[in-house]
Amino acid sequence: MSDFTPSWVLEELIGERTQLKQWAVKNVVQMLHDGATIPFIARYRKEQTGGMEVDKLREIKNQAEELKVVQQKIFTVLTGLQKQNKLNTQIQRSIRQAESLTEVEDLYAPYKPGHKGTLAERARALNLEPVAMACIQNSGNVNLNKHIKLGVKGLSSEKEVQTGIQHIIADLIHRDDSVIKVVKDLCKTNGILIECSKFVTSKKLSAKTLEKAQKAQQSSYKFENYFEFKGSSRTIRPHQVLAINRGEEQKILTVKYTIPESIRQKFNYTAEKKYLRFECKGSVRGLMLRAIDDCWSRLVQPQIIRQIRSELTKSAQKSSIDVFSSNLRNLLLSAPVKGHSILGIDPGFRNGCKCAVISQTGQVLYTDVVYLHFAPEMKKKLQETVKKFRCKYIALGNGTACRETEKVLTDVVKNSSAKYCIVKEDGASIYSCSDLAKAELPDLDLTLRGAVSIARRLLDPLAELVKIEPKHIGVGQYQHDIPESQLKVALDSVVEECVSFVGVDLNTGSEALLRRVAGLNLTKAKSVVERREKKGPFTNRNQLKLIKGFGEKSFQQCAGFLRVNHSNFVVDVTEDMPESPSLAIGDQETILVSDDEQPSKGKKRKIKTVGGSKAVKRRCTSSDADPLDETWIHPESYDISYKLMDHIGIKPSELGRDSAIERVKAYKKNHSVQELNQDIQVGEPTIQLILDAFLQPCGYDIREKEMQPLFKEGIRDIASLREGTRLTGKVTNVTHFGAFVDIGVGRDGLIHNSNMKRTDLQLGHRVEVKVIKMDKAGNRIGLNLEHKL
C-alpha cells in the first residue's frame, strides 16, 4: 500500500517552528491527546514540559491541531488521486511534503474532479511529453513539424505544439523543489513589495460590485493611511495586513503584491542552469527560455504571492488574537475591590442613569434611576445613597452620558471619602438580557441589571466578566477580521486559564465561574452546585468524587483549582444591621472568624443582631477537612506536602499563619530545592510549587499583586488640554500600533509605538504621559510616554 502519511513528523515540525525542545513538545502533545488541560499541564506537569508557560503550551496545542488537519487532508487527497488513477511519484512526494492546507490545496486543485486539468496535463494527453523531454535533454533530433495534426486542437499548428511543450516544461520546473525553494527562501528573507492605492471605480465593474464600492467610499477616511502605501512583507505590521485586507474586500483599496526583479533573475538563473544545456541552440533554446518565463509568470509568481498573503493574514490573525488574549487576561486578573459596598451607575440621557448598590458579597441592596436633566436633585440623591450605604467606591459605566454623569459625581465625592472609577461596560447590556441575569436577578428590570453588573465588575472583575462571551468585553483589535470559531476557542482558553489559576471556592463559586474551571463544564458545574445545595457545604476536595460524572480524570484535572476554604461560613441575615448597612434582610454574607471559635458541621444558621453586632458566629469545618484543600497544591502531592512539613517543622493547622510562613522562609534560606529533591525525589518544580503554597497567607489571591483600579476624585475637560500637558492615566487597550490611555478627559489618548520608548505596556498599567498632539475636531489626543508608574 502507498504511503499516504506526511513526510514530516508532527512533534519534530512543531519543535522546529516553535524553537522548543522536541522531548518536551512530544510530552505536551501526548498529554493533550490524553485529555489534559493547558492550566493543569502548566501548573502540575512542569517536569514533563521543561517549565513551559501557558502561551507556549497553547502554541503547541494550536500547531498540533492545525497539523493534524493537514495530515488528514494529505491522506484524503492522496487517496482520492489514487482512486482517480492520477497519482504518480512526483505528485505524491510534493503533497506529502506540504506543511499547510494552502499548499495541499494548491497542489491538488488541478486534479479535482470536474477540473479540466492543467495546461500541462492537456498537453501530455496529446502525447507531447516525450518531445518536451527531448527539448530538455537537447537530443538534437527534435522535429516539431511531425507532431502537427490538422484539425486536432492543440496540435493543428507548430505554434500550438510549441505552446503545449512549453506548458509541460514549465510544469516540470514548477514542481522542482530545488528550484522553487531558492525563490521561497529569497522571498522570505528579502520580502516582497506591497502597494496600496485608493480604489477607482470603473464602468467595467458589475452593478453589484460598483454599488458596494460606492457605499464603501463613505467610510473610506478610515483607510487614508493606505491610499499611497508601500511596504515589505518582511516588515509590515499585523494590524496593517488586516486593515489592507479589509480595505480591499470593501472595495476601498486596490492592493498589489510584487516580487522583486532580483528574485526573478535568480529564478531564471537557477532554472536555466538546471534545464537549459549549454549546447542548446536555435528554436529549441528559444522554446526553453519561453517555458522558463511562462513558469515564472503563470505558475511560480502567483503561487508564491498567494502563499505569502495567506501566511501574512494567518500570522496577523494570530497576532491579533494574541493581543486580544493578553488584554483579556489582564482585565480578568484585575485586582478585586473587597470589603466595601459599591454604587454602580449605568449612565444615560433619555432613560436616566440607572443606579444599584451592592454589598461586599455582590448582593443587591438598593436600586434607583436618576436623571441628568435634574442635576441638583440627582446630586442630592446620590449623596444620600453613598452616605446611607457607606459606599466607599462608585463604579461608573463608560457608555453614553459618562462624561456628563462624571461631572455630577465630582461634586458628589467632593466632601466625602468616596471615590469613583470608570468601568468598561462592554457586554453589560448583553448580560442584562441573558437567561443567567434573569436567574440571578429575577426581580430587577433588565435596565437595572446593567448597573448591578457594572458595580460587580469593580467588586470582582473575574467573577462578573465570566458571565459574558469574551468577544463582547471590548478589549480586542480587528476581531471582526478573525474567524469567529478561532477567536472563541482562544478567548475561552484565556478565561479558563485565569479562573483556574485564581482558584474557585467550591462552596461560594457561582455556576458561571465553576464551568470555566479547567476540567469542568456546564454539566459538572451544575452538579457541584446541586450537591452543595442538597447536602451542605463541601468539607474536602475528595467529595467531588462522589458526584456522578466525576471520574478520576475529571478529578485530576480540576481538583487543584478548586478550594475548600474552611475558615469561611455562610449565614443568613434576618434583620438589617444598623452599624453594618452593607447587610440587609435576606442577604447572605461570608464571614471570616478566628480560630478560637468552636467548629461545627457546615449547616447554614440564621443570625440576629443585637445593637448592630453579630450575635452568632461559627466555623464551617469538619473532622475530615484537610488544610491543604485551601491551597493550590494538588491532591496527588498531599503525601509529599506532609513530608515537607515534617522537614520544615510546621503543622498542617498552622498553614497560612505568619509564624509558619516565617519558618518556611528561614528553612528555604538553609536548604535549596535541589537538596530537598534528593530526599523526596519528585521533581524540583513540584517541590517549588508546594513551598510557594506554604508561603501564602490564608485567603491568598494572586490578583492582589495586579494593578488596582484607577480611582478619581475630579475630572478635566478635553478643552483644557494643551500640548505639553503632563497627566497620569491607565492603559485601557493595547494594540499593535500603540496603547490607549484613560487620562480622565472623556476620551482616551493614544501612545503610538514610536512614542513608547520601547516600554512594554499592558492593559491596566498606570503611566505618566505628555500631550504631544491635539486634534479637537477629530477628538484625538496624541501622547508621549514619560514613564510607567
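The values are calculated or read from the model by the stated rules, or taken from the named source; none is laboratory data. Since the model is a prediction, treat every value here as computed from it, not as a measurement. No Cβ is skipped: glycine too gets one built from the backbone with ideal geometry, and neighbour counts run over all protein chains shown.
Mind listing whichever residues of the range 22-59 are among the acidic types (Asp, Glu) and over 17 Å from Gly519 (Cα atoms)?
Glu47, Glu53, Asp55, Glu59
Which of the residues spanning the range 252-280 are among the hydroxyl-bearing types (Ser, Thr, Tyr), surrounded by 17 or more Cβ atoms within 10 Å (Cβ to Cβ) and in a strand (DSSP E or B)?
Tyr257
Of everything in the range 658-683, what is under 30 Å from Arg329 (Cα atoms) and in contact (Cβ under 8 Å) with a residue 40 or more places away in the chain? Give them in sequence order. Full working, then the answer.
To start, the set of residues in the range 658-683 that are under 30 Å from Arg329 (Cα atoms) comprises 661, 683.
The answer is Gly683, and nothing else.
Can you pull out the residues in the range 228-251 that are part of a loop (DSSP other than H, G, I, E, B) and either at pLDDT 90 or above or under 17 Å from Leu193 (Cβ atoms) (or both)? Lay out the reasoning, then the answer.
Step one: of the range 228-251, the residues part of a loop (DSSP other than H, G, I, E, B) are 233-237, 250-251.
Ser233, Arg234, Thr235, Ile236, Arg237, listed by residue number.
Could you run through the range 231-251 and say how many residues are free of Cβ contacts under 8 Å to residues at least 60 places away in the same chain, buried (at least 20 other Cβ atoms within 10 Å of the Cβ) and closer than 21 Å to Gln303 by Cβ?
Of the residues in the range 231-251, 1 are free of Cβ contacts under 8 Å to residues at least 60 places away in the same chain, buried (at least 20 other Cβ atoms within 10 Å of the Cβ) and closer than 21 Å to Gln303 by Cβ.
In the range 428-439, is there at least one residue being surrounded by fewer than 19 Cβ atoms within 10 Å (Cβ to Cβ) and touching a residue at least 40 places away in the same chain (Cβ under 8 Å)?
The answer is yes; a qualifying residue exists.
I need the full set of residues from the range 526-563 which are within 16 Å of Gly509 (Cα to Cα) and not in a helix (DSSP H, G or I), in order please.
Of everything in the range 526-563, those that are within 16 Å of Gly509 (Cα to Cα) and not in a helix (DSSP H, G or I) turn out to be Gly536, Pro537, Phe538, Thr539, Asn540, Leu562, Arg563.
Taking the range 103-129, which residues are within 17 Å of Phe75 (Cβ to Cβ) and in a helix (DSSP H, G or I)?
Scanning the range 103-129 gives Glu103, Val104, Glu105, Leu107, Tyr108, Tyr111.
Within the range 445-460, how many residues turn out to be in contact (Cβ under 8 Å) with a residue 24 or more places away in the chain and surrounded by fewer than 19 Cβ atoms within 10 Å (Cβ to Cβ)?
Total satisfying the criteria: 1.
Pick from Ser510, Ser554: which is at pLDDT 90 or above and farther than 17 Å from Phe40 by Cα? Give the derivation first.
Working: Ser554 fails: farther than 17 Å from Phe40 by Cα.
Answer to the check: Ser510.
Taking the stated definitions as given, is Arg17 assigned to a helix (DSSP H, G or I) and surrounded by fewer than 17 Cβ atoms within 10 Å (Cβ to Cβ)? It would help to see each step written out before you state the result.
Working: assigned to a helix (DSSP H, G or I): yes; surrounded by fewer than 17 Cβ atoms within 10 Å (Cβ to Cβ): yes.
Yes: the conditions hold for Arg17.
Tell me whether the range 488-498 contains one or more residues that are at pLDDT 90 or above, closer than 25 Å to Val731 by Cβ and more than 15 Å from the chain's Cα centre (by Cα).
So far as the range 488-498 goes, no, none of its residues is at pLDDT 90 or above, closer than 25 Å to Val731 by Cβ and more than 15 Å from the chain's Cα centre (by Cα).
Going by the conditions given, is Ser417 more than 28 Å from Val494 (Cα to Cα) and either modelled with pLDDT of 90 or more or part of a loop (DSSP other than H, G, I, E, B) (or both)?
Values: more than 28 Å from Val494 (Cα to Cα): yes; either modelled with pLDDT of 90 or more or part of a loop (DSSP other than H, G, I, E, B) (or both): yes.
It is true that Ser417 is more than 28 Å from Val494 (Cα to Cα) and either modelled with pLDDT of 90 or more or part of a loop (DSSP other than H, G, I, E, B) (or both).
Residues of the range 20-70 being over 25 Å from Phe555 (Cα atoms), free of Cβ contacts under 8 Å to residues at least 40 places away in the same chain and over 22 Å from the mean Cα position of the chain (by Cα), which ones?
Lys21, Gln22, Trp23
Looking at this structure, is Leu513 touching a Ser or Thr at 6+ places or on another chain (Cβ under 9 Å) and touching a residue at least 24 places away in the same chain (Cβ under 8 Å)?
Considered against the rule, which asks whether it is touching a Ser or Thr at 6+ places or on another chain (Cβ under 9 Å) and touching a residue at least 24 places away in the same chain (Cβ under 8 Å), Leu513 comes out as no.
Criterion first (surrounded by 21 or more Cβ atoms within 10 Å (Cβ to Cβ) and at positive phi) does Gly519 satisfy it?
So Gly519 passes the test.
I'm trying to understand the selection: among the residues of the range 460-491, which are assigned to a helix (DSSP H, G or I) and more than 29 Å from Gln240 (Cα to Cα)?
Pro461, Leu462, Ala463, Glu464, Leu465
Within the group Gly764, Gly746, Gly699, which residue is surrounded by fewer than 18 Cβ atoms within 10 Å (Cβ to Cβ) and modelled with pLDDT under 85?
Result: Gly699 is the single residue among Gly764, Gly746, Gly699 that is surrounded by fewer than 18 Cβ atoms within 10 Å (Cβ to Cβ) and modelled with pLDDT under 85.
Can you work out which of the residues in the range 281-314 that are surrounded by fewer than 21 Cβ atoms within 10 Å (Cβ to Cβ) and small (Gly, Ala, Ser) is modelled with the highest pLDDT?
Ser297
Inside the range 28-90, counting only helices (runs of 4 or more DSSP H) that do not spill past its ends, which hold 2 or more residues that are surrounded by 15 or more Cβ atoms within 10 Å (Cβ to Cβ) and of a type in the set (D, E, K, R)? Please lay out each step first, then the result.
Numbers: elements: 38-44, 46-49, 54-83.
It comes to 54-83.
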